[in-house]
1. Highest first, please rank the peptides B:190-196, B:54-60, B:302-308, B:230-236 by the mean number of other Cβ atoms sitting within 10 Å of their residues.
2. Can you pull the percent of Cα pairs in chain B with separation above 31 Å?
3. Decide, for the stretch A:61-305, between rounded, prolate and oblate: order the square roots of the alpha carbon gyration tensor eigenvalues as a ≥ b ≥ c, take rounded if a/c falls under 1.5, and otherwise choose prolate if a/b is larger than b/c, else oblate.
4. Compute the distance in nm between two label points, each set 7 Å from the Cα along the Cα-to-Cβ direction, one at residue A:159 and one at residue B:374.
5. What FRET efficiency comes out for residue B:104 versus residue B:290 if R0 is 41 angstrom and r is the Cβ-Cβ distance? Round to the nearest 0.05.
6. Identify which of A:96, A:29, A:177 has the largest mean-square fluctuation in a Gaussian network model of chain A, with springs joining Cα atoms closer than 10 Å.
7. Sort A:294, A:241 so the one with the fewest other Cβ atoms within 10 Å of its own Cβ comes first.
8. Report the full-extension gain for the segment residue A:138 to residue A:121: residue separation times 0.36 nm, less the Cα-Cα distance, to one decimal in nm.
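Just so it is clear, none of the values below were taken in a lab; they were calculated from the coordinates. For clarity, every value in this text was computed on a predicted model and none was experimentally measured. Backbone-built Cβ (ideal geometry, glycine too); neighbour counts: all protein chains shown.
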């Protein structure tokens, strides 16, 4: 059989097979990423509201209005700060855990299974659990601290019976960053584990023969070799976190005051809850140039590290 | 003759079939919240099914969490397809372009049932374009809930009546027992309501009657200073991180002396611990220097999106009007949570407030709600609830303004000025769309 004159057997034709295999991914990107993205650009340059989706062009008005909004600038800064701080911890913990999980020890598979759960659990469900853990009045963490004498009258941490995890500005920010690190570390770890597993064993054997010990092998051989993969893990994690609103939506709704309000949440509050769809779209689009620049920079870094 | 009779019988059957099939072809669907009182949903679903059978119309009712109502309505309007009737709990003024003008049923209800509570009209009507974008059938009072024993101990057996009482009594209770007052200052619904109530009662407001922004006033600044003092002297920092459920939980646990809420917190307690529930009393809006005002807690607002047409539209309107005509059942099965916009539809209400049919002790616990229409207002008070007011509400600008001052991060003057600036931006955008008056 000779379909389309592409060769004796169509399945032997690399171009055809390549196109076939790529089609589902392309369709996915076009329909579920590309179309909403183009739509949000159209919304950002229009006067659209939740009740009126006529796209009347207003130029850069929404973007200028958003930029003049003090709350937006604070939200933008908070989003960047949360993302960067989280990534530092994610990178440290993911590297440590990836090294541990690539060693042989009893119960490794069970430990891996337990560890991946934060990533596998639906985020909203996990956040409801954290909302309870960090409750301003009934937090089990506070209860334990109280039993240990660290809270309550004369307590080392506070005279109150509670620390008010989600109500004190500093603690609320720390709580959100902690929960993001808890949620995102497993993915980064799994990616790094894959990287560590792919290092050719002859290189590691050679190092061992040359007398390289654990830390030297890790710092001078393993980490440089998995640097491109580490950058990819970081990129995944940063992009996911930059656009996330679920964690703060469930835990703090952006409070206290605006301390934990991030771009995704603010865009939702203005665009959907407040009905100002055009401005909500403009708020979310401010993340795009930053993420694009970040992605280009990181992918280039990964590519250079790979070449070396 | 026989043939004629046969023919007439045949025609009658065919006619009935035709009517039947056209009636059965008509279907309506409703989207509304999972009511805080589960008993109400049970009653409503059965009522809707019975109404459908009686009118030959298929009725489907879907319930979702109240936080999903606006996002679902937005998605359905954008898609041009979805439920025939959507019930939301806050004014959907920003959806106005995607909603049917319901002037006809608002006028029909007023003609049939008389005067409408002002809090209801202001949440459904936009004067700037003279449109009834919604039909509000009910609202929920937001009285003060106080711990009778604690307040009796400090000399207020009937609870606080003024904001001065709240500060004096609340502080005395906090100092003596460590039990705080519970007025939220966090980005959530109850905080938004409670903070507005204080501002109105001190004589401030976000906008005036003509929809001009007037937040930055001496009266608002005084209210914000008062709230900050109340927080510093009679509350803990937990109020900065409260969710909408937090004050309910605190009341049920006996860990607050006073909250502002609907009767849902009390009803929950009543089902768990009758003795503790008997210790909860209710106060009307507290008196401030400029009067006593509190926002309604939520409103029950029906809207019909523009994609609903023809027989479905007519059936939806009929459902809404029939539902209002049955409001005694609505109020009763919601355990007096839903109050009627048209008082005449629930002639039993005063009797129920004097003797709670759901077993309160003492039976006249809710009697203070007889005056609710004197002090229960709406989000845009003293103007209407327009799209700008809805966005200000969604962005939690008011509780954040208050929290900044209570946390000591900003002076009341600066916080109010900053909030005014953002609110003016929001009003300007909606005014440019022709959906807000003034300017």
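1. My ranking of the peptides, most packed first, is B:190-196, B:302-308, B:230-236, B:54-60.
2. The answer is 43 percent, as a whole percent.
3. It is oblate, given that a/c is not under 1.5 and a/b is not larger than b/c.
4. For the pair residue A:159/residue B:374, the computed spacing is 4.2 nm.
5. My answer for the efficiency is 0.60.
6. A:29
7. A:294, A:241
8. Gain on extension, residue A:138 to residue A:121, equals 3.8 nm.
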